[in-house]
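The structure appears right after this line, and notes come after that.
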Amino acid sequence: MTKIKNRPNETSLMGNYSRTDLAFVRGKGVWLFDKKGKMFLDLASGIAVNSLGHSHPKLVKVLANQGSKLWHTSNLYTVPNQEELAKLLTESTFAEKVFFTNSGAESVECAIKIARRFFFSKGQPNRNRIISFQGSFHGRTMGTIAAAGSRKSLEGFGPKLPGFDLIKKLSLDSVEKKISERTCAILVEPIMGEGGIVTLSCSFLKGLKDLCEKYKLLLIFDEVQSGIGRSGHFLAHEKCEITPDLVALAKGLGNGFPIGACLATKKVADCMVPGTHGSTYGGNPLGCAVALETIKHILKPKFLSTIRGKGDFFKHKLNVLKDIFPEQILEVRGRGLMLGLKCISKNTHLIDMCRKEKLLLVPGASNTLRILPPLTITYKEIEEGTTRLKKALLQMRQL
Ligand SMILES: *Cc1c(COP(=O)(O)O)cnc(C)c1O
């Protein structure tokens, strides 16, 4: 067989990402440096990943220290770091049990599996359908693309996994109409991230919880993006004082070390007996060491309130920009340091213009621009960010 050669200068990577030529070699706090030493202000944190910024000295130390001792043992053995991280997660949230994964999609998959297995173990194996919402994002596995139901993510990957009932608009009536004796759970992001920073109101989330109680369903929150302090609460749903049954986490948990988690109440998690689920890498000593240090920092008594303070300040600054550029910004959205701008002209143009100002932001659906800075950003850096954004908006005006 003859191999087809890549053209000279053609990348050996698959073409599934639309990347720019920007490449970074180093990071520090909210700053990223390219190989020429040019400094970019990172208001994206990967995509809501580097919650304590780049190369946080304490995390570097923990990683190096654990790296010199032990990387991997497998889940055949007790992993002390995993025990400790699970203990802290349960002490700090609604949850009583934790399963560790390597990514957001795996955490959502785990929640879906537990919801089905829970009813199976109660002798109701046909209760396996899950209600989910159009415009959500839950990952790229076969299960999670079916759960989110986006045509673009599903196209060409059929047959689509069955078992999801999609709700088109955020209305409690539509949800109640979709519930049947086959429904086992409702899956939702309290703040939709990829969907364009759509914050679901506490009354809507409480309404979902009430429906779950009325029909004995499980409530699953996908907090892969909104969790780990991002919204100004450790988990975004905590603001609304609602208790879910399952929560999926990842992104901010490891500050860039790939680790995710599925949190559950004991009542629900009891169905996960030996052999039901597993992961080779999930909860490895390295990831757990870094995640433990990350959340210890985020859970410090004053840290979450500083996120709320900085978020309010940032939102105010963005609203000022909205008033100056009404032809470009329609709305400022979000909570804490999970913010979004609903744009009028094409969001990707503005993002390109921001890159010219050495400012990094992320696009979101329905022509939004996401602002997800490290949670450690200072007030001064927020001002620097808005100054650069203003310059980019002025450039756009002159086009
Ligand atoms: C990013 C994201 C995921 C998927 O996470 P991966 O680590 O890319 O698998 C799932 N749900 C939400 C809400 C996300 O933002």
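The values are calculated or read from the model by the stated rules, or taken from the named source; none is laboratory data. Everything quoted here is computed from the prediction, not taken from an experiment. Glycine also receives a Cβ, built like all others from the backbone with ideal geometry; neighbour counts cover every protein chain displayed. For the accessible areas, the whole protein counts, side chains as well, though only heavy atoms, and no ligand, DNA or RNA atoms are used. Shrake-Rupley method; radii C 1.70, N 1.55, O 1.52, S 1.80 Å.
For residues that are basic (Lys, Arg) and closer than 20 Å to LYS358 by Cβ, scanning just the range 1-37, find the one that is surrounded by the fewest Cβ atoms within 10 Å (Cβ to Cβ). Outline the logic, then answer.
In the first step, residues of the range 1-37 are kept if they are basic (Lys, Arg); the result is 3, 5, 7, 19, 26, 28, 35-36.
Keeping just the survivors that are closer than 20 Å to LYS358 by Cβ gives 19, 26, 28, 35-36.
Values: ARG19: 10, ARG26: 13, LYS28: 13, LYS35: 9, LYS36: 6.
Per the stated criteria, the residue is LYS36.
Could we say that VAL30 is without any contact (Cβ under 8 Å) to a residue 40 or more places away in the chain and more than 16 Å from the ligand (Cβ to nearest atom) here? Break it down into steps so the answer makes sense when it comes.
Values: without any contact (Cβ under 8 Å) to a residue 40 or more places away in the chain: no; more than 16 Å from the ligand (Cβ to nearest atom): yes.
No, not satisfied.
At least 1 residues that are of a type in the set (Lys, Arg) in each: list the strands (runs of 3 or more DSSP E) lying fully within the range 1-58 that qualify. Write out each step before concluding.
Working: elements: 24-28, 31-34, 39-42.
Ranges flagged: 24-28.
I'd like to check which strands (runs of 3 or more DSSP E) are fully inside the range 96-167 and have at least 2 residues that are within 27 Å of GLY256 (Cβ to Cβ).
Details: elements: 97-101, 129-133, 164-167.
Output list reads 97-101.
Filter the range 108-131 for residues that are of a type in the set (Phe, Trp, Tyr) and touching a helix residue (DSSP H, G or I) at 6+ places or on another chain (Cβ under 6 Å) and give the result. Give the steps one after another, and end with the answer.
Just the residues of the range 108-131 that are of a type in the set (Phe, Trp, Tyr), to begin with: 118-120.
Residue satisfying the conditions is PHE118 alone.
LYS3 passes all but one of (1) in contact with a Lys or Arg (Cβ under 9 Å, 6 or more places away or on another chain); (2) under 30 Å from PHE157 (Cβ atoms); which number fails?
The failed condition is (1).
Considering only residues that are within 12 Å of the ligand (Cβ to nearest atom) and free of Cβ contacts under 8 Å to residues at least 60 places away in the same chain, look in the range 106-136 and name the one that is surrounded by the most Cβ atoms within 10 Å (Cβ to Cβ).
So the residue we want is SER132.
Checking the conditions here, which among PHE40, PHE94, PHE99 is open to solvent by 20 Å² or more (accessible area, probe 1.4 Å), away from the ligand (no atom under 16 Å from the Cβ) and touching a residue at least 12 places away in the same chain (Cβ under 8 Å)? So that I can check it myself, show each step before the final result.
Values: PHE40 fails: open to solvent by 20 Å² or more (accessible area, probe 1.4 Å); PHE99 fails: away from the ligand (no atom under 16 Å from the Cβ).
Only one candidate passes the filter, namely PHE94.
For GLY196, are the conditions met, namely being in contact (Cβ under 8 Å) with a residue 40 or more places away in the chain, open to solvent by less than 10 Å² (accessible area, probe 1.4 Å) and outside any helix (DSSP H, G or I)? Steps first, please.
Numbers: in contact (Cβ under 8 Å) with a residue 40 or more places away in the chain: yes; open to solvent by less than 10 Å² (accessible area, probe 1.4 Å): yes; outside any helix (DSSP H, G or I): yes.
Criteria met by GLY196.
Okay, residues lined up against (1) over 20 Å from the mean Cα position of the chain (by Cα); (2) assigned by TED's automatic domain parsing to the domain that holds LEU253; (3) closer than 25 Å to THR276 by Cα:
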site	(1), (2), (3)
GLU109	no, yes, yes
PHE119	yes, yes, yes
GLN134	no, yes, no
ARG140	no, yes, yes
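How many residues are in contact with a Cys (Cβ under 6 Å, 6 or more places away or on another chain) and of a type in the set (Val, Ile, Thr) when one looks only at the range 376-399? Break it down stepwise before answering.
Applying the first criterion (in contact with a Cys (Cβ under 6 Å, 6 or more places away or on another chain)) to the range 376-399 yields 392.
Adding the requirement that they be of a type in the set (Val, Ile, Thr) leaves none.
Looking only at that region, the number is 0.
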